[in-house]
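Each reported figure results from applying straightforward, stated rules to the coordinates on display, with no laboratory input. As the structure is a prediction and not an experimental result, all values here were calculated from the model. FYI the Cβ positions are ideal-geometry reconstructions off the backbone, even for glycines, and counts take in every protein chain you see.
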Amino acid sequence: MKAYRAVLTFVALFGLQCDDSNPTSSTGSTGSTGGTSTSLPSAFNHFVDAVTVSVQGTNIVLEAEGIPNHTSPYWGSSHALYEAPHSGMVVNPNNIASQNLTFTIPLQPEVAPTISATSLGPVGIAVNGVVLYNQYAAGNAPLTSEILSFDRRNGHPQNFGQYHYHIEPLFITENGSELVGFLLDGFPVYGQKDQNGTLPTDLDTAHGHTGVTHDYPDGTYHYHITTDAPYISDGYRGSPGTVTQ
Ligand SMILES: [Zn+2]
Ligand SMILES: [Zn+2]
């Protein structure tokens, strides 16, 4: 009887806590249900607070300093997030520097008739505000030698300190199916796996496919990261927006 009463008390308390939290969560939610075409898709809630996200007309604008929220040898030895290079790493001479990035991407991306090529420099933005680059080094050379300079999280800075990922950002993709970020065409990038835990076998030549994801239960075109080139994408499946830096 005592135990039964304890369970009742627990249920009552738990119920109270739930009631208590409801007003806060409904007020603070941007909501994917019942939204209009001008509301921010809930997937954008994955961005860290350091990234400013807003809807401006038919676009989503993301402003970021582009610095990682994790350790790296490229912070420089006096920085709190500094870590020593890992075994075999060939550290490049650059240090991480704060950037002034503005990505303007379509709010409602659409699959375009043709795939457009990505260029060197930013092709997208990860949910931690770090820039995504394509599968090439300077001169459109393969990443073969650059890969040696990636830190344990698979990033490195270029000559003006812009830190970026060309390949899977291991800080973000711990379980494989996480939202990594968005490319300039507004389509999301996911880890290697789909939400059911399987590796997709139907990626198109841009490196994506259409299907449901954690954030898009009704389905969307999305890219997947692979361990081999092109790693993130091989072009934009939609029409790319712009980035200023
Ligand atoms: Zn690079
Ligand atoms: Zn998928």
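The modelled label-to-label distance between N45 and Y82, using points 7 Å beyond Cα along the C-beta direction, is 3.9 nm. At q = 0.19, 0.22, 0.23 Å⁻¹, what is the base-10 log of I(q)/I(0) for the range 136-245 according to the Debye formula with one equal point scatterer per Cα and no solvent? Please give it to two decimals. One equal scatterer on each Cα of the range 136-245 leads to -1.05, -1.33, -1.41.
Can you give the FRET efficiency to the nearest 0.05 for E110 and A229, using r as the Cβ-Cβ distance and R₀ = 41 Å? The partial results should precede the final answer.
Numbers: r = 26 Å, r/R0 = 0.65.
The pair E110/A229 has a calculated efficiency of 0.95.
Here the range 39-244 is treated as an ellipsoid with the same Cα gyration tensor; its semi-axes, largest first and in whole Å, are 26, 19, 16. Between amide H atoms placed 1.01 Å from N, distances below 5 Å from G241 occur with D185, G186, all of them 5 or more places distant or on a separate chain.
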